[in-house]
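Below is one structure; the comments refer to it alone.
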Amino acid sequence: MSLEQVAIGATARVADVSGTDAVSLRLLEMGLTPGVRVRVVSTAPLGGPLELELRGYRLSIRRHEAARVAIAN
Amino acid sequence: MSLTPDGPAAPAGGRSPVGRDGKPIVVALLGNPNTGKSTLFSALAGIPTRIGNYPGVTVEEKVGRYTHRGQAIELVDLPGTYSLVAKSPDEQVAVDVLRGRLAGVPIPDCVIVVADATNLERNLYLATQALGLGLPTVIALTLSDVADAKGIRIDVGELGRRLGCPVIRVATPAGVGIEPLGDAILAAIQSPRQPLQGLDPHLAGVDSGREPAAREAIARYGWIEELLAGVVQRQPPAGRSVGERIDDLLTDRLWGTLAFAATMLAMFSSIFWLATPLMDGISAIMDAVSGLVAGMLPEGAIRSLLVDGVLAGVAGVVVFVPQIAMLFLFVALLEGCGYLSRAAFLMDRLLCGVGLGGKSFIPLLSSFACAIPGIMAARTIENRRDRLLTILVAPLMSCSARLPVYLLLCGAFVPNIPVGFSWLRLPAVVLVGMYAVGVVAAALVALILSRTIFRGPPQPFVMELPGWRWPQWRVVLERVREAVWSFLQNAGTLIVAVSIVIWALASYPHSESAIDAEVAAVRGQLVARLERLPGDGADHAEAAEELAALDTDAGLAALRRGAAQRQSLLGRMGRLVEPVVRPLGWDWRLGCAAIASFPAREVVLGTLAVIYNLGDIDPGEEEGGSMLVRRLRAATWDGTNRKVFTLPTALSIMVFFALCAQCASTLVVIGRETNSWLWPAVTFTYMTLLAWLAAFATYQVGTWLGG
């Protein structure tokens, strides 16, 4: 299951970020590292980006980027 | 691209003691975006003494100077970055400066790492990377007042011990920590420090099969969690904070979108209402100055150069200042309070569809008022590719300068008939259609460019949504001042130069005898026509009226001016381009007007007036406007009775002006913002081609349907 499928308002724990490109590195650098707890705050209209809360701040990522973030069950 | 930011920076040994020989010490300001770095810069150094570009790249270099306890300090604001593993040109500059790899830019004597106290975990990511370089470093803990209010307690002394560098709490509006920060800098440069160690044990815990950079990122967060254990205490907030509640509302799918629409509507209507009187005032002042100068000088080349060349060029520059100032005021306020990133968040999906991103929205929307502030507003897009793409399509949005052209031609040549409803008239539909032409063209061009020359790996949209806070007036005013100044200084001078060139083309060569000959020929034709026409017809009366108008001083002066322009280089260029513009349904005079309106499209009305032998016209004046309309309606192809201005021709002119790059100011600003003459050349070429093709299609289809 990926972060993209987490319901609005729910909290999940990151298991891993797939890929070896600049995008996955940026996700890791922004703090989406294995073990961190993330809350999905909201989503933008028309299937737009997700708003996340982690490590005491809010971050926005697109859906296909969220799909790279695997979450722990 | 550096993958391992750790390890000492280039020549660490052999550094002479700094700050002793009266030379300023160089202090670099490093930090994540949205951490109050600009606010701290203003609090320390005030207004920057120099804003330019780093050598060889389009990354802004901002330098300020101040003194602390008699020591001169040169403060260099590095581009905001999340990491020292560079992924963008901005980040690369920050890395290169810190490592002394940028030619002509010395390694800083000291680094201030700006860290947001409300978000220490992520901010320490960059801070620990910077501490790994081994340069003298001081950490400035910004927004510490906001952290206090949120119940975040930080043991600053213990944090400093663990990081091996001084940590100073600052609260910029109140000026807290500014003095201690200066003292800490002076102390830090005197005592060398070792690169901070401690990442290695954490690296051992991460799967060794991963990419080195990814391993480092995971290990670094593990290390930071350890560093912060016991240093940061969060008191569980009593319910959700006001900022979080506002955020929940403003990023909500329904309410957030509605609030966004309302904000944009309020912003642009107030820009329109507030900037219009200021622009009118500036135009009136410039007209008065022109009148004054014209009155003081004798008629001749000097007066013409000053009034029609220089002053007209200056007026064309300063008239944009109110819009630029207003837009940047709003953008800086929205950015300062954190709304700009929410707007990008909400609009991202829509713009993604055409290969742009959420942050392109404000620049593109601004371009409906004027492309110049719009292109300048694209500075808020960090991503190079998205920024360039936004700049390239922004001039396709129909700006306010196109409106007079649309209004004149719609009013004169589009039949005023209802379309479906009695209140919906064809001219209004055509007017809206012109705006739609620009939007559709921009979407298509963005889509095509993003799939071709800008094709590349998907651009990440990993954007921080910073906490809500009050905008800092100092930072806001500085943004406005800087935007206006950079426009006047860099673009303004070039725009004036282009205006002078066009003036020269329209004025020379100038031969009185050739003008006399043409005036005599025109008058002779009119007299001959008058004699040919039956004495009681309406045509006869009209021709007689025309002759009477010609025989007045004003009529003669207008005819002489028209003759001079037709015989000038510009007139010859008009004839030269006639084969090119004929398929659009234009005669050579329209080609001439199109060339003359290169500095600014609104000039086309004035040029048409001159070229069709009308005196100066004021499009706002009913009498003058209708006179121009009558002249245009009467214009015929040279040597025939065929009318030049038919509905297809009028539509083809409008479509051309909707899509063409007839605005020297826009091109100059694109050059300045991209730091290259390639992009203005690309913009001009593609827009002119697009405008020609669309005008061609419009005229040909229009003629075919009409015939």
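Throughout, read-outs are computed from the coordinates displayed, never taken from laboratory work. All figures in this text were calculated on a predicted structure; none of them were measured in a lab. When we count neighbours, we look across all protein chains shown, and the Cβ atoms used for this are built from the backbone with ideal geometry, even at glycine.
The residue among B:Val439, B:Thr35, B:Gly313 whose Cα reaches farthest toward the positive pole of the charge dipole of chain B, with charges on the beta-carbon of Lys, Arg, Asp and Glu, is B:Thr35. Projected over all directions and averaged, the alpha-carbon convex hull of the protein assembly as shown occupies 39.5 nm². When the trypsin sites (Lys or Arg not before Pro) in the range B:642-707 are filtered for DSSP coil states and for at most 15 other beta-carbon atoms within 10 Å of their beta-carbon, the remaining sites are B:Arg642. Quick check: from the Cα gyration tensor, does the range B:325-382 come out rounded (a/c under 1.5), prolate or oblate? It is oblate, given that a/c is not under 1.5 and a/b is not larger than b/c.
Setting aside same-chain residues fewer than 8 positions from B:Lys87, which lysines have a Cα under 24 Å from its Cα? Hits, sequence-local ones excluded: B:Lys37, B:Lys62, B:Lys359. Net charge dipole, chain B: roughly 1280 debye, given to the nearest 20, about the Cα centre with Cβ charges of +1 for Lys and Arg and -1 for Asp and Glu. When only the Cβ of Lys, Arg, Asp and Glu is charged (+1, +1, -1, -1), the dipole of the protein assembly as shown relative to its Cα centre reaches about 1500 debye.
Given the Cα atoms of the range B:54-171, and with Rh set as the inverse mean 1/r over their pairs in the Kirkwood sense, what is Rg to Rh to two decimals?
0.98
Taking label positions 7 Å along the Cα-Cβ direction at both B:Leu350 and B:Glu299, the computed distance is 5.5 nm, reported to one decimal. Eigen-decomposition of the gyration tensor built on the alpha-carbon atoms of the range B:509-567 gives equivalent ellipsoid semi-axes of 25, 11, 7 angstrom, largest listed first.
The distance from the alpha carbon centre of the range B:372-446 to that of the range B:133-198 is 51 Å, rounded to a whole number. Entry note, the range B:509-567: relative contact order of 49 percent, from Cα contacts under 8 Å with a spacing of 6+ residues.
Spacing of the modelled spin labels on B:Leu569 and B:Ala541, each 7 Å from Cα toward Cβ, amounts to 4.7 nm. Taking the convex hull of the alpha carbon positions in the range A:3-72 and averaging its projected area over all directions gives 4.1 nm². Each label was represented as a point 7 Å from its Cα along the Cα-to-Cβ direction; for B:Ala204 and B:Ser270 these points are 5.9 nm apart.
A Cβ-based charge dipole, computed about the Cα centre of the range A:3-72 with Lys and Arg at +1 and Asp and Glu at -1, lands at about 160 debye. From least to most packed, judged by other beta carbons within 10 angstrom and beginning with the fewest, B:Cys399, B:Cys592, B:Cys110, B:Cys337 follow the order B:Cys337, B:Cys110, B:Cys399, B:Cys592. Among B:Ala504, B:Ala554, B:Pro534, which residue has its Cα furthest toward the positive end of the charge dipole of the range B:478-554, with +1 on Lys/Arg Cβ and -1 on Asp/Glu Cβ? Of B:Ala504, B:Ala554, B:Pro534, it is B:Ala504. By the compact-protein rule of thumb, 2.2 N^0.38 Å, the alpha-carbon radius of gyration of chain B corresponds to a ratio of 1.17.
Using the charge dipole of the protein assembly as shown (Lys, Arg: +1 at Cβ; Asp, Glu: -1 at Cβ; taken about the Cα centre), state which of B:Leu98, B:Ser400, B:Tyr699 has its Cα farthest towards the positive end. Projecting each Cα onto the dipole axis, the largest value belongs to B:Leu98. Annotation: extensible slack from B:Ala261 through B:Trp677 equals 146.2 nm (criterion: 0.36 nm per residue apart, minus Cα-Cα distance).
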